[in-house]
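Structure, as structure tokens:
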Protein chains: 2
Amino acid sequence: MTSDTKTDKPAPASGRNVTIKDLAAELDLSITTISRALNGYSDVGERTRQKVEGAAKRLGYRPNRNAQRLVLQRTHNIAWVQSDNELKYLDPHFAEVMAGVLAQAREVNYDIVLTSHGKDREIATYDRYVRDNSVDGFIVDLPREDDQRIGFLLDSGRPFVVHGREPRCDRYGWVDMDNYGNFYRLARLLVANGHRRIAFINGDEAFNYALYRHRAVRHAVADSGLPEDTVTVYNSAHPMGDAGFRLTREALADPAITAIIYSSILLLVEGYEAWAAAAPRHGQPIALATMDDVLRHIDRTRYLPRVTFVRSSLKDAGLALIDELSRQCDRHAAPQGTLIPSYFDVVPGLDPGSIDEPLPPQRRDHIG
Amino acid sequence: MTSDTKTDKPAPASGRNVTIKDLAAELDLSITTISRALNGYSDVGERTRQKVEGAAKRLGYRPNRNAQRLVLQRTHNIAWVQSDNELKYLDPHFAEVMAGVLAQAREVNYDIVLTSHGKDREIATYDRYVRDNSVDGFIVDLPREDDQRIGFLLDSGRPFVVHGREPRCDRYGWVDMDNYGNFYRLARLLVANGHRRIAFINGDEAFNYALYRHRAVRHAVADSGLPEDTVTVYNSAHPMGDAGFRLTREALADPAITAIIYSSILLLVEGYEAWAAAAPRHGQPIALATMDDVLRHIDRTRYLPRVTFVRSSLKDAGLALIDELSRQCDRHAAPQGTLIPSYFDVVPGLDPGSIDEPLPPQRRDHIG
DNA sequence: ATAGCCAACTAAAACGTTTTGGCAAATGCC
DNA sequence: GGCATTTGCCAAAACGTTTTAGTTGGCTAT
């Protein structure tokens with residue numbers, strides 16, 4: 001018995017944390033053995049392993065993460081760099097992705113380092129993380145065409161995952177919904193059901209998700225042999241506020257409009273009242289269709305019988321983002337793209353037609 | 001000249017990052033000198049310092065943060081642990097605090113580690129961070145009476161800051177608005193202006209901010225010698241959804257009600273329509289008063305002439321949270337409480353009375 | 001007996017910094 | 001010129017792990 005006093009208190013929170021060296025002293029073993037015992041190596045005796053594990057639990061030992069990070073060259077941290085647009089934090093779409101990211105990060109034992117960068121410091125912020133070894137990988141969201149961040153990260157060779165896509169998407173891991181396919185199908189659906197003047201209330205087309213949705217809708221009318229002005233596109237830079245209401249009113253000011261496609265259920269919710277107040281066209285009420293990101297505070301069933309939905313969970317996208325990063329970092333797998341599935345709920349009055357069929361061949365491998 | 005080839009490319013992003021040892025080799029100096037040169041010690045020659053800084057910039061040197069963390073016992077990380085209530089992420093109040101926290105963290109060179117914990121793993125989550133040395137301090141928000149987290153962190157001896165207060169608040173750093181004072185004043189204001197039936201649409205009283213607001217309103221009526229039922233309290237667990245509208249309707253169902261106090265401008269916004277449709281009582285329109293947290297997506301001016309506001313910025317609270325942590329961690333200052341200032345905008349029709357004066361003596365040092 | 005093998009352990013190096021306690025040369029002072 | 005001080009640099013230890021390359025001692029097979 002080398003230990004003079006026995007205390008069974010679970011680590012009395014004194015100044016210093018207990019280290020592997022303390023365990024070694026306590027048990028009269030080398031630190032090598034302690035380390036190997038705790039890391040499940042086969043060359044430590046069963047009795048010894050038990051003792052080590054017992055002591056570790058009893059003294060409340062936790063490996064010093066910074067020492068581990070230094071020697072293993074792995075931090076188990078993931079950086080999520082935000083532009084300093086503070087409106088973004090109150091966008092429910094962002095919150096939903098965050099819920100997924102945080103939940104899954106916890107599951108696979110990663111910590112999320114959330115950062116905002118100042119004006120013109122975007123690449124500098126990534127560069128710092130790459131060079132000071134403080135994270136294993138990156139989450140990039142809301143990509144644009146020819147996105148600087150992606151170019152930089154590709155060059156850096158570090159693991160990263162993009163929520164969305166752009167032209168280089170075969171060279172990195174991504175998670176995305178089928179923006180193009182979903183909106184192509186929605187537009188064709190309306191056209192196939194006789195709508196000849198359609199309003200599309202889209203998001204901010206500076207971002208690819210909205211850009212690709214726009215293209216999809218245009219292509220759908222073109223492929224149906226209809227003129228370009230079959231669809232009028234409106235943009236809302238931010239889904240909060242009154243954009244949904246305002247743009248719906250604006251769209252309805254065109255007396256020929258018979259259908260509206262919304263890029264987000266938030267826009268639909270805001271526009272719904274303006275819609276309810278609107279006069280039917282050609283004796284029919286105006287048809288509504290929207291993307292539904294499965295935001296947990298919106299009760300979709302309220303709109304179910306009146307609105308055609310295409311649904312794809314943003315929280316699932318958040319989960320998948322972390323899974324992809326974990327694949328790259330933990331399992332050293334090659335980057336891989338993941339498409340989050342989408343489901344259509346076509347309103348009873350409409351003929352669903354070819355909604356669940358593949359896109360026409362010429363539109364098959366379009367990004368978005 | 002020991003270096004064989006000269007390359008001026010800014011760190012070609014090869015596999016390995018450049019270390020202090022590389023600089024030492026490049027300049028034929030010891031790593032001690034490199035370190036001291038970069039850290040501004042006075043015992044390195046001016047010419048040498050220039051050369052070191054030049055080489056560091058040229059080769060794109062960034063100190064390995066994990067090595068620094070190990071030796072300095074400081075991580076420059078702050079943990080912000082979230083309960084796994086995912087509704088929280090889309091609460092604009094949370095987003096606003098987050099904007100402040102992230103902005104100021106960037107300013108004082110800290111990274112925010114955002115975590116969510118699983119069921120019943122709350123203290124375990126804090127415990128892990130305390131014991132594995134991965135953060136310097138903690139942000140705790142939405143405290144309750146006798147909050148477990150605060151007890152644990154007090155015992156741990158680690159720096160932390162609480163957004164809000166509870167009874168032990170003289171023993172830790174906190175940032176808070178004057179919940180009690182603000183709502184005491186609002187209630188007295190209404191009472192002083194003749195209102196005898198008041199509805200108070202409060203937040204979730206499981207949390208202290210709402211609990212203290214409730215107490216303040218009760219005390220205000222009691223101090224005015226009015227009966228308890230002068231005020232009826234309604235609670236909304238979450239400010240999103242339709243609680244504001246629903247509870248306003250419920251409150252207005254009482255024909256004697258002449259004033260409504262809202263705990264958040266979000267509730268007011270939702271209730272505003274119900275209010276606008278309501279019949280005046282005693283010939284007067286129903287008086288409205290609300291807390292305004294300066295949420296960046298709400299246009300307060302729209303309600304300005306009709307509603308009495310007490311305004312206090314949640315983003316400023318976020319900034320102050322980080323400042324307090326920085327004081328404790330960087331400057332080793334004793335924990336300190338910070339009260340974010342509040343401002344009243346009393347509606348023209350109301351006599352402001354004693355709104356800007358101190359609370360009555362018996363209410364002076366009430367927490368909250 | 002001895003070579004070979006296996007089980008169970010360990011010393012030392014490594015990860016990339018900071019810091020302590022020097023040391024040699026140059027300078028100042030009388 | 002001789003001593004003290006200052007200037008400018010450095011070797012080595014430390015932070016707490018993991019991993020490499022062993023070393024023991026006991027057992028087996030011959």
Given the residues A:A256, A:A222, which is the only one that is surrounded by fewer than 18 Cβ atoms within 10 Å (Cβ to Cβ), in a loop (DSSP other than H, G, I, E, B) and of a type in the set (A, V, I, L, M)? A:A256
Taking the conditions exactly as written (within 12 Å of chain A (Cβ to nearest Cβ), under 29 Å from A:R65 (Cα atoms), open to solvent by less than 10 Å² (accessible area, probe 1.4 Å) and free of Cβ contacts under 8 Å to residues at least 60 places away in the same chain), does B:N77 satisfy them or not? yes
Could you list all residues from segment B:80-93 that are within 8 Å of chain A (Cβ to nearest Cβ) and without any contact (Cβ under 8 Å) to a residue 60 or more places away in the chain? B:Q82, B:D84, B:E86, B:Y89
Against the condition facing chain A (nearest Cβ under 8 Å) and farther than 26 Å from A:V108 by Cα, how does B:D146 come out, does it pass? no
Output the residue which, of all residues in segment A:23-50 that are surrounded by 18 or more Cβ atoms within 10 Å (Cβ to Cβ) and more than 7 Å from DNA strand C (Cβ to nearest atom), is nearest to the chain's Cα centre (by Cα). A:A37
Output for segment A:302-330, where each listed residue is away from chain B (no Cβ under 14 Å), open to solvent by 60 Å² or more (accessible area, probe 1.4 Å) and more than 21 Å from the chain's Cα centre (by Cα): A:L304, A:P305, A:R306
Out of the residues in segment A:230-253 meeting the condition of being part of a loop (DSSP other than H, G, I, E, B) and among the aliphatic types (A, V, I, L, M), tell me which one is farthest from A:E86 (Cα to Cα). A:A253
Would you be able to say whether some residue in segment B:317-328 is in contact (Cβ under 8 Å) with a residue 40 or more places away in the chain, out of contact with any His (no Cβ under 6 Å at 6 or more places or on another chain) and among the hydroxyl-bearing types (S, T, Y)? yes
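Could you pull out the residue among A:T258, A:T290 that is away from chain B (no Cβ under 14 Å) and in contact with a His (Cβ under 6 Å, 6 or more places away or on another chain)?
A:T258
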Counting only residues that are more than 8 Å from chain B (Cβ to nearest Cβ) and in contact with an Asp or Glu (Cβ under 9 Å, 6 or more places away or on another chain), how many does segment A:110-121 have? 3
Scan segment B:51-67 residue by residue and report those that are more than 13 Å from DNA strand C (Cβ to nearest atom) and within 14 Å of chain A (Cβ to nearest Cβ). B:K57, B:R58
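The values are calculated or read from the model by the stated rules, or taken from the named source; none is laboratory data. It should be emphasised that the depicted structure is a prediction, and the values quoted were computed from it without experimental measurement. Methodologically, a virtual Cβ is constructed for each residue, glycine included, from the backbone with ideal geometry; neighbour enumeration extends over all protein chains shown. The area values use the complete protein model at the heavy-atom level, side chains included, leaving out ligands, DNA and RNA. Shrake-Rupley method; radii C 1.70, N 1.55, O 1.52, S 1.80 Å.
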